[in-house]
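Enquirer: Okay, here's the structure, questions in a sec.
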Amino acid sequence: MYQKLNQREHELCEAYAEELDQYRRALPLVDSLLRKVHQGHDVNDDLRRLREPLNQVSRIDAQIQSAKRELREQGKRPGSQLQTVLIQLQQVLEELIQQTRIAEQAAQQAKDRLMPELDHETRTQRMRDAYQTVISRC
């Protein structure tokens, strides 16, 4: 059983290291997204690129569910290598979450600034349409 536990822990270390790489790949994508939001540029491509590493993390996590469950059921504390990877993963995740929150706030602020302009444009277009309808009836 000890050997199986070590094998599961090794499997988790490798998987979490892969997840860590994917999250690190996502960090500059969030930075780029934030810059584009501040500049008022389209961010759809950045969002699509950001989904790639996050989807990869989801796939990795799905693959290690049984290993995580097995270690949890054994009640063993993670070994030093696994603890190190988990700490690194936590740090990168915290940074990614922070940057994502900042990007979300910037996008919300941009939306809030644009809504009055869009409302005005909509009203103006409706007035033009109504005026055009009246003119066409005359």
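Enquirer: Tell me, yes or no, whether region 83-98 has at least one residue that is closer than 30 Å to Q109 by Cα, among the hydrophobic types (A, V, I, L, M, F, W, C), in contact (Cβ under 8 Å) with a residue 24 or more places away in the chain and not in a helix (DSSP H, G or I).
Expert: Scanning region 83-98, I find no residue that is closer than 30 Å to Q109 by Cα, among the hydrophobic types (A, V, I, L, M, F, W, C), in contact (Cβ under 8 Å) with a residue 24 or more places away in the chain and not in a helix (DSSP H, G or I), so the answer is no.
Enquirer: If you go through region 52-59 one residue at a time, do you hit one that is touching a Cys at 6+ places or on another chain (Cβ under 6 Å) and part of a helix (DSSP H, G or I)?
Expert: The answer is no; no qualifying residue exists.
Enquirer: Got a number for residues in region 33-74 being buried (at least 17 other Cβ atoms within 10 Å of the Cβ) and farther than 17 Å from R8 by Cα?
Expert: 10
Enquirer: Considering only residues that are of a type in the set (A, V, I, L, M, F, W, C) and more than 23 Å from the chain's Cα centre (by Cα), look in region 51-74 and name the one that is modelled with the highest pLDDT.
Expert: A67
The values are calculated or read from the model by the stated rules, or taken from the named source; none is laboratory data. Small disclaimer: the values here were computed from a predicted structure and weren't measured. With ideal geometry, Cβ positions are generated from the backbone for all residues, glycine too; neighbour counts draw on all protein chains shown.
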